[in-house]
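What follows is a short report on a single structure.
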Amino acid sequence: MIKKDLSIDFMGVHFENPFCLSSSPVGNCYEMCAKAYDEGWGGVVFKTIGPADFEIDEVSPRFDELTKEDTPFVGFKNMEQIAEHPLEENLADLRRLKDAYPNKVLIASIMGTNEQTWEELAGMVEAAGADMIEMNLSCPQMTSHAMGSDVGTNPELCKKYCEAVKRGSKLPMMAKMTPNITDMVIPAKACMAGGADGIAAINTVKSIANVDLDRKIGLPIINGKSSISGFSGKAVKPLALRFIQQMRDAEGLENLPISGIGGIETWEDAAEFILLGSSTLQVTTAIMQYGYRIIEDLTNGLMHYMAEQGVEHLSELVGLANKNMIPAEKLDRDYKVLPYIDWDKCIGCGRCLISCFDGAHQAITWDEATRRPTVDPDRCVGCHLCKLVCPVDAISAGEVVMKAGRVGTAASKQI
Amino acid sequence: MTIEKYQQEAKGYTMTTVMAEAARCLLCHDAPCSAACPAHTDPAKFIRSVRFRNFKGAAETIRENNALGSICARVCPTEKYCELACTRTEIDCPINIGGIQRFVTDFEQNANMDILKKGPANGLNVAIIGSGPAGLQAAATLLTLGYGVDIYEKNEKAGGYLTYGIPEYRLPSDIVDVEIQRISNLGANITYNVTVGQDITMAALKADHDAVIIAAGASVAKTLPLFADNPYVQSAVDFLAEVKSNPAGVDLPTNVLVIGGGDVAMDVDTTLKLLDVKNVTDVVYEEFAEFKASDKELAGTQKQGVTIVDGYVPTAVNGNTVTFKHRQLNSELTIEADKIILAVGQQADVTNLGIELENNELTHGGFHTADPKVFVTGDLAQGDKTVVVAVQKGKQTAEEIHRVLGGQN
């Protein structure tokens, strides 16, 4: 079995591998975190610890899922708030974890209600043995509007609370961002200005996943009502990657240390987050669906990817894709790539024909007798919708054609 | 003997598994499956409805095209029709179209849907002799077109081979009863225990109706001269009817010899095994390469552990001992059995119905007889003798009558 060094340094802390539980139901107590460490996770962000006087009272049921055909968990909606155990119990769990797993990274997620409690909590988790602090500025389903994503969308509060945490503790600290905002760069910069050492992104997206059609109530139903709450899982991955790219692209944040979060299920997802600038990665939804054991394929798959890329240290991959994302107005619009249809692979379903007519540019014709499609190169704009809908990968990128009157050669294009 | 296995239908899809199967469908542009369905049940359309979670719409598509949708879902040899045409086969294996159809028609029943509606009465009446699949479909189509329909059934229950032949594990009686009830609710007037030509004359039917459809099927067992008056012998149709009516009351020995290789023979074989008969040996005239039974039926029978010997023809019978010779090879086979079941085909009985048949069907295509008022459908018309083709013929016969009679007052 392949063996590669997956270790990475993030905000001055050494991780044996970049994979961490994110602050959520999957890291709610000592036993859970211990099991995750045992199965190979590099770090744990213990479920967010709040002030002693903030009581957590959860609803039942509290989850919902988005499905597609027979695929469960395309997306996941969660109404749980922060850790429901008493503060002392959480701190005791942190202590036990650090004692039992001194070489694993223990990150305390905290959420205060004002500057004083943020500062106090920071001091307490440091004293309990945490290696790092994550500030939860982003939970979208808190029962208090002085907490969670209502804070994360307010840059002044973000900065003030970061300063408070830094006063309370010397530990490296990252601020966890809410995606329920147009421009994440603003709160990220505010947090960095307030002393944050890095950013965790993204928390969940405010959502209603489904509505019960008979009862006319969103799901899950709690005594006849429901509430907007955070959405996560595979469906939010594109949003997470976009926010991470935008932060890394912002002036002054080019080397922003990021812990990437949002729909990571496979090593490929993980590699995408790394290439767009994440040094560590956090996972919840996939664990809720499949368990901690997914770490085996995350780590092994990532090792094989490193080997394929000829990379010895994971840090060499961080941010390599950032420079290849550019504004739309700077993209080369001088050519089109015609699709190539392999008639030997084609099974004649005609899905390309339907999608090209109904969703693109009516460039495919159909031979009813042979059940084979043909592309009209003049009508075709090279959008490749046909390639995406083909169920047997019979359509690939074919001839590159320069648009009329454009300078340059087709051969020079990196398609 | 236990009858649970005989009465147990295979598990159907759940909401989740049917979505998985529908998601496998490529939703082809030209839908070869739909083009291949004799009854025009339009699988491409109802599978697409399932894919987009419109289960009621899927049920409408099936029911409006096929009044016996739940029955066809279970007994249609789909591998010869829609599934043979399925494009998905080029990737792995065809969509289980029958299975999806069964899910949708079960959904229809659970949702108490009432899809077919009686057409505005046009004052015309049609008599139908026989209530097998062709007669039932003809009745449903005529009723939706506004005709009055009287069905004459010689048995005490409607359905013909659906009720008296196809075993319970393959087609539960409850399903057949519900399908017949739908057509009854649509306005079909069914008279039971009446044999036309015996209890009531054709002339009387013709006098009271604007058209008469003979849908009597081929319900009488053929036999072989070698087995005449043999006390060990029972016909397949009689055996299946006996089991279907009272499975617990059938007394079966340890060794049964079946002769025949069509779907009926396979039904007999499997039924015997499911009723715990230890040794079931089926000797078949055809060799496997030319087998008449559907692949699905043959595979099911073999899975039950029936010994099937192909290519042999019976040459001598001495009580319960039968000697066979191979049709090509110099080979002889003698089997002693406690019971012998003959599944060598059925024939029609059209006594006093005023029509001429050759090889149990009309000598010409279509549904007309020499009498302009009398039509023939189902097994008695030319074409395949499967349930789905019976549905097709029933529909076409009704449409032909509508064309001829004009459907107007």
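Bear in mind that the values in this text are calculations on the coordinates, not laboratory data. Bear in mind that the values here come from a model prediction, so they are computed numbers and not experimental data. Every residue, glycine as well, gets a Cβ built from its backbone with ideal geometry; the counts of neighbours run over all protein chains shown.
Against the main long axis of the alpha-carbon atoms of chain A, helix A:30-39 sits at an angle near 40°.
The GluC sites (Glu not before Pro) of region B:254-338 meeting both criteria, a DSSP state outside H, G, I, E and B (loop) and at most 14 other C-beta atoms within 10 angstrom of the site's C-beta, are B:Glu287. Peptide B:26-33 has a mean shielding of 6, counted as Cβ atoms of other protein chains within 10 Å of each residue's Cβ. What the phi angles of region A:155-171 give under the Karplus curve with 6.51, -1.76 and 1.60, with θ = phi - 60°, is a coupling list of x, 5, 5, 4, 5, 4, 6, 4, 4, 4, 4, 5, 5, x, 7, 8, 5 Hz, glycine and proline written as x. Note on region A:8-324: with charges restricted to the Cβ of Lys and Arg (+1) and Asp and Glu (-1), its dipole about the Cα centre is near 580 debye. Pairwise Cα separations in region B:308-370 fall into 5 Å bins from 0 onward with the following percentages, short to long: 4, 13, 18, 14, 9, 9, 12, 12, 8, 3. Per residue, the Cα convex hull of region A:225-313 amounts to 110 Å³. Overall dimensions of region B:4-110, expressed as equivalent-ellipsoid semi-axes from the Cα gyration tensor (√(5λ), whole Å, largest first), are 19, 15, 15. This model, with +1 at the C-beta of Lys and Arg and -1 at the C-beta of Asp and Glu, gives region B:4-110 a dipole about its Cα centre of some 200 debye. The translational diffusion coefficient of chain B, from Stokes-Einstein at 20 °C and 1.002 mPa s with a Kirkwood hydrodynamic radius over alpha carbon pairs, comes to 96 µm²/s. Full extension of the segment from A:Ile222 to A:Glu84, taken as 0.36 nm per residue of separation minus the current Cα-Cα distance, would add 47.8 nm. Among residues other than B:Gly57 with Cβ under 13 Å from its Cβ, the summed charge is +2 (Lys and Arg +1, Asp and Glu -1).
Summarising the label geometry, the points placed 7 Å from Cα in the beta-carbon direction at A:Thr143 and B:Gln304 lie 6.2 nm from one another.
Short-range pairs are left out: with C-alpha atoms under 8 Å and at least six residues apart, the relative contact order of chain B is 19 percent. FRET efficiency for the pair A:Met1 and A:Ala100, taken as 1/(1 + (r/R0)^6) with r the Cβ-Cβ distance and R0 = 25 Å, rounds to 0.40. Peptides A:66-76, A:9-19, B:111-121, A:174-184 ranked from most to least packed, by the mean per-residue count of other Cβ atoms within 10 Å: A:174-184, A:9-19, A:66-76, B:111-121. Full extension of the chain segment joining B:Glu286 with B:Glu90 gains 67.5 nm, where the gain is 0.36 nm per residue of separation less the Cα-Cα distance. Within the shell of other residues whose beta carbon sits under 11 angstrom from the beta carbon of B:Thr41, the net charge comes to +1, with Lys and Arg scored +1 and Asp and Glu -1. With contacts taken as Cα pairs under 8 Å at a separation of at least 6 residues, chain A carries a relative contact order of 14 percent.
Using the Cβ-Cβ distance between B:Asn359 and A:Val74 with R0 = 45 Å, the FRET efficiency computed as 1/(1 + (r/R0)^6) comes to roughly 0.20.
Computed per residue of chain A from DSSP H runs no shorter than four, each worth -39500 (n - 2.57), the mean residue ellipticity at 222 nm is -8500 deg cm²/dmol.
Largest first, the extents of the alpha carbon coordinates of region A:83-179 on the three principal axes equal 38, 26, 24 Å. Mean residue ellipticity at 222 nm, helices only, chain B: -10500 deg cm²/dmol; runs of at least 4 DSSP H residues each add -39,500 (n - 2.57), and the sum is divided by the number of residues.
Relative to the longest principal axis of the Cα atoms of chain A, the long axis of helix A:87-100 lies at roughly 70 degrees. The HN-Hα couplings worked out from phi for region A:289-299 by the Karplus form 6.51 cos²θ - 1.76 cosθ + 1.60 (θ = phi - 60°) are 7, 10, x, 4, 4, 4, 4, 4, 7, 5, 6 Hz, whole numbers, x standing for Gly and Pro.
Using only side-chain charges placed at the Cβ, +1 for Lys and Arg and -1 for Asp and Glu, the dipole size of the protein assembly as shown relative to its Cα centre rounds to 1560 debye.
Counting, for every residue in A:340-349, the Cβ atoms of other protein chains within 10 Å of its Cβ and taking the mean gives 3. Its relative contact order, with pairs defined as Cα atoms under 8 Å and 6+ residues apart, puts region A:332-412 at 42 percent. Computing FRET efficiency as 1/(1 + (r/R0)^6) for B:Asp174 and B:Thr223, where r is the C-beta to C-beta distance and R0 is 35 Å, gives about 0.60.
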